[in-house]
Amino acid sequence: MNQIIKITFFVLMAVCFVSCSSDGKNKAIIEKQHEAMSNNSEIDTNAEQNKSQNKADVSDDSSRSDTKEKNMPEFDFDKKTVKLNSGYEMPIIGLGTWTLDDRTAESSVYSALKDGYRLIDTAQYYGNEKGVGNGLKRAVNEGIVKREDVFITTKVMPSNFNRAYSSIDDSLRKLGVDYIDLMLIHQSGSGDVEVYKALCKGVKDGKLRSIGISNYYTAEEYDRVVSGGDIMPAVVQNENHPFFQNNELQQYVSQYGTVVESWYPFGGRGHTQDLFGNQTIKAIADDHGKTPAQIILRWHLQAGYITIPGSQNPDHILENYSIFDFELTDDEMERMKNLHTGQRYENW
Ligand SMILES: NC(=O)c1ccc[n+]([C@@H]2O[C@H](COP(=O)([O-])OP(=O)(O)OC[C@H]3O[C@@H](n4cnc5c(N)ncnc54)[C@H](OP(=O)(O)O)[C@@H]3O)[C@@H](O)[C@H]2O)c1
């Protein structure tokens, strides 16, 4: 009899363990997040409209595209945005600013905003948040954009992990804004679970609108870092390009409404010719009368990746945004998919 009680106890414990696993916990967080979103009067009307749109997407099987089948947040190519799990809309293409100093960041951000970009990616580590903020201020002062039309992403750098929450204030000050659209943990490291909690607090305190992570490449790493938080990441920003397509992670995180954003869309400085000179990419570019850079960026978007090409060249900045007047066919997307070799250029 004692033996039966013992076995029953262990079976019950096992069932509880499975149901309390990270998957179950993450889903519970998402449900709570949706509930909170419905009560959050600060979220704009667009976000509200998108929320109901999302519900419709889930229930409407008849119009499912490939992206929908994978349950991925769907990109709106007319508005050039995607609805995040936070309820806010994020532009699907933006300007990357890594390696740009304050002065160059200011002029590149200003050029980009003039060309129609509405997403700018920076980081505490880049040392150019001030320049980014100045570029934004200049465009706002000239009436090109309003602050609320622009989506600013920055990242907590590892040397700030022990003061993550107060570093949000540093970023706000340097950028010259009173909220940050998206703040990411720049990379994994000791104490990153606490950093994630600090970002969740930043959202509750109205300093951040959405939060996410960067340089987390597996389901296990994703689950680990969010384990102490009560908001799921809106975005995972990782190295991602035609030679390194992390579909597995993209599919895993899509169940939580998390979108993957590609850094090094062209392979990064010093490697761009590997991609621009690729025969498949060149052939597709010739067929569309576009440049290899434009084909690569269009592929990122159609594959469901937000992308942030870096540039300090105004001609390139304009070229990189001019990708909404053509579409890659299914066959071309398949050829691009086949370029995956698993090759990464960085190891952080
Ligand atoms: N989270 C992370 O750990 C992480 C790591 C790396 C990067 N990032 C972010 O991701 C962004 C993108 O990465 P990245 O800037 O390093 O690399 P990238 O976008 O892959 O490549 C940038 C290079 O491409 C060139 N380029 C841009 N547009 C071009 C065009 N139309 N034709 C020819 N060349 C072109 C740029 O030169 P020009 O300046 O001459 O145009 C630059 O040399 C960064 O800026 C940063 O915001 C994040």
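The values are calculated or read from the model by the stated rules, or taken from the named source; none is laboratory data. Please read all numbers here as calculations on a predicted model, not as lab measurements. When we count neighbours, we look across all protein chains shown, and the Cβ atoms used for this are built from the backbone with ideal geometry, even at glycine.
Side notes on the structure shown:
- The stretch 231-288: number of residues that are among the small types (G, A, S), touching a residue at least 40 places away in the same chain (Cβ under 8 Å) and outside any loop (DSSP other than H, G, I, E, B): 2
- Test: residue in the stretch 293-310 that is charged (D, E, K, R) and over 17 Å from the mean Cα position of the chain (by Cα): no
- Where Y345 falls short, out of the listed (1) touching a Gly at 6+ places or on another chain (Cβ under 6 Å); (2) exposed (fewer than 15 other Cβ atoms within 10 Å of the Cβ): (2)
- Looking only at residues in the stretch 258-295 that are more than 9 Å from the ligand (Cβ to nearest atom) and in contact with a Phe, Trp or Tyr (Cβ under 6 Å, 6 or more places away or on another chain), the one that is nearest to I93 (Cα to Cα) is V260.
- Under the condition of being polar (S, T, N, Q) and closer than 20 Å to E261 by Cα, the residues counted in the stretch 313-337 number 2.
- Being surrounded by fewer than 16 Cβ atoms within 10 Å (Cβ to Cβ), farther than 14 Å from E261 by Cβ, at pLDDT 95 or above and out of contact with any strand residue (DSSP E or B) (no Cβ under 9 Å at 6 or more places or on another chain) holds for only one residue in D78, D60, and it is D78.
- Checking each residue in the stretch 190-241 for being among the aromatic types (F, W, Y) and within 26 Å of I93 (Cβ to Cβ) picks out Y216, Y217, Y222.
- The set of residues in the stretch 296-320 that are in a helix (DSSP H, G or I) and away from the ligand (no atom under 11 Å from the Cβ) comprises R298, W299, L301, Q302.
- Check on A139, within 16 Å of the ligand (Cβ to nearest atom) and in a helix (DSSP H, G or I): no
- Verdict on Y216 being farther than 21 Å from I180 by Cβ and not β-branched (V, I, T): no
- Of all residues in the stretch 109-124, those satisfying the criterion of being more than 8 Å from the ligand (Cβ to nearest atom), in contact (Cβ under 8 Å) with a residue 40 or more places away in the chain and not hydrophobic (A, V, I, L, M, F, W, C) are S111, D115, G116, Y117, Q124.
- Screening K155 with (1) away from the ligand (no atom under 16 Å from the Cβ); (2) basic (K, R); (3) buried (at least 16 other Cβ atoms within 10 Å of the Cβ) gives one miss only, at (1).
- Residue in the stretch 216-233 that is more than 15 Å from M333 (Cα to Cα) and within 11 Å of the ligand (Cβ to nearest atom) present: yes
- Test: T104 is in contact (Cβ under 8 Å) with a residue 12 or more places away in the chain, over 20 Å from I306 (Cβ atoms) and of a type in the set (V, I, T): yes
- Pairs meeting the criteria (first residue in the stretch 295-316 and without any contact (Cβ under 8 Å) to a residue 24 or more places away in the chain, second residue within 12 Å of the ligand (Cβ to nearest atom) and of a type outside the set (A, V, I, L, M), beta carbons under 8 Å, at least 6 apart or on different chains) are H316/P309.
- Filter result for the condition that a residue is on the phi > 0 side of the Ramachandran plot and modelled with pLDDT of 95 or more, over G116, G96: G116
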